[in-house]
Amino acid sequence: MLASVERSIFPISNLRFVRAVWGRVPVLAAALALAGCGGGIGGYCYEAVQCEGGNDLDEDACNIAFQEMADLSDIQGCASEFDEWFECVEEESRCNDDHYHPDEDSCGSQWERLDECADLGGDF
């Protein structure tokens, strides 16, 4: 269906461009929505990539991973626990030896509350 819509609206030479842009729209929209005023998930992921030497794809993957955690938490009624944990991670994270993370155990109690509330399906 998408291909037929693309062909009817865009010249064939632009199909590759349209697919590339449309394929990135959800990621770009999520990244922009999450970035806000330089904080939140987008701000954290930007800082992590700057510290660790990643690229745009690494930043996109970071945004997606944290947003998935936030969504899973919200679905399970644990949004406030996620927000509390992520706020701690965001505030406590520093760039040390090319790794961007909070000091060990600085957000442990917040993680325990989140982990007890939500089944996030993995070890983050």
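Rule-based calculations on the coordinates, nothing more; no lab input. Note that the coordinates shown come from a computational prediction; the quantities given were computed from them, not determined experimentally. Virtual Cβ from ideal backbone geometry, glycine too; neighbours counted across all protein chains shown.
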By how many nm would the segment from ASP56 to GLU112 grow when fully extended, if each residue of separation counts as 0.36 nm and the alpha-carbon distance is taken off?
17.1 nm
Each label point is 7 Å from the Cα along the Cα-to-Cβ direction; what then is the distance between the points at ASP119 and GLU87, in nm?
2.8 nm
Added length on full extension, which subtracts the Cα-Cα distance from 0.36 nm per residue, ASP71 to ASN96:
6.1 nm
